[in-house]
Amino acid sequence: NLGLLCQAYSEYRLKNPNPRDLVIIGSQGNFSLDESPGIRVLGHLNKQSIADYMKSCIAFILPSSFEPFGIALLEAAACGAPLLCSSSVGARHIVLDEINGFVLSSMDRVGFTEKMLEIELWDDARLAAVNNGFPHYILDIKDEFGDFVIENFVEEYLAGRTPNPCVMCNTHIKWRAL
């Protein structure tokens with residue numbers, strides 16, 4: 001589904017004042033890519049080069065309209081890359097929406113464009129970790145945050161007291177949950 005990816009990327013470039021390049025690795029099959037601005041086609045690379053790209057990329061995008069398993073998605077997840085894939089990818093269950101990426105319909109060009117823009121906002125902490133040689137993890141602690149911070153805030157507010165969510169967050173989220 002490289003056609004959809006290239007269209008979504010072109011729209012991403014129009015909406016982003018400082019767009020990143022789209023790097024395509026591997027075979028393009030019967031699809032011919034022109035030299036569109038920002039699109040670099042590298043073809044086949046060795047495993048180490050692929051791993052290096054996955055570790056430093058803004059996101060790994062797999063928009064396939066048919067991908068029975070999706071080993072590349074698993075490899076990108078292991079490298080810590082945010083994931084953007086179509087619902088046609090067999091391994092899509094490892095993508096947790098808004099935690100480590102997004103799953104979209106394989107024909108949702110507008111959705112791919114929007115999520116490219118959104119994922120770019122996640123990049124700062126992850127790239128700082130990669131550049132300094134330590135792992136970067138994304139944890140889903142929404143339930144803990146709701147249980148300890150939000151519920152306490154509501155209880156204190158309804159009781160006429162001034163809530164202090166930062167204290168609760170520091171105590172129960174930053175130090176205990178993390």
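The values are calculated or read from the model by the stated rules, or taken from the named source; none is laboratory data. These numbers were taken from a predicted model, which means no experiment stands behind them. Heads up, the Cβs are rebuilt from the backbone with ideal geometry, glycines too, and the neighbour counts pull from every protein chain shown. Just so you know, the surface numbers come from the protein's heavy atoms only, side chains and all, with ligands and any DNA or RNA stripped out. Shrake-Rupley method; radii C 1.70, N 1.55, O 1.52, S 1.80 Å.
Remark: pairs (first residue in the range 67-91, over 12 Å from Cys57 (Cβ atoms); second residue surrounded by fewer than 16 Cβ atoms within 10 Å (Cβ to Cβ) and of a type in the set (S, T, N, Q); Cβ separation under 7 Å; 6+ apart in sequence or on different chains) = Ser86/Ser65; Ser86/Ser105; Ser87/Ser105; Ser88/Ser65. Going by the structure shown, is Asn152 open to solvent by less than 80 Å² (accessible area, probe 1.4 Å) and over 24 Å from Ala125 (Cβ atoms)? Judged against the criteria, Asn152 is a match. Among residues of the range 110-124 being open to solvent by 20 Å² or more (accessible area, probe 1.4 Å) and modelled with pLDDT under 85, the one that is nearest to Leu2 (Cα to Cα) is Glu120.
Every listed requirement among (1) within 30 Å of Ala81 (Cβ to Cβ); (2) in a helix (DSSP H, G or I) is met by Val154 save one, (1). Each residue in the range 126-149 was checked for being within 15 Å of Asp52 (Cα to Cα) and open to solvent by 100 Å² or more (accessible area, probe 1.4 Å), and 3 pass.
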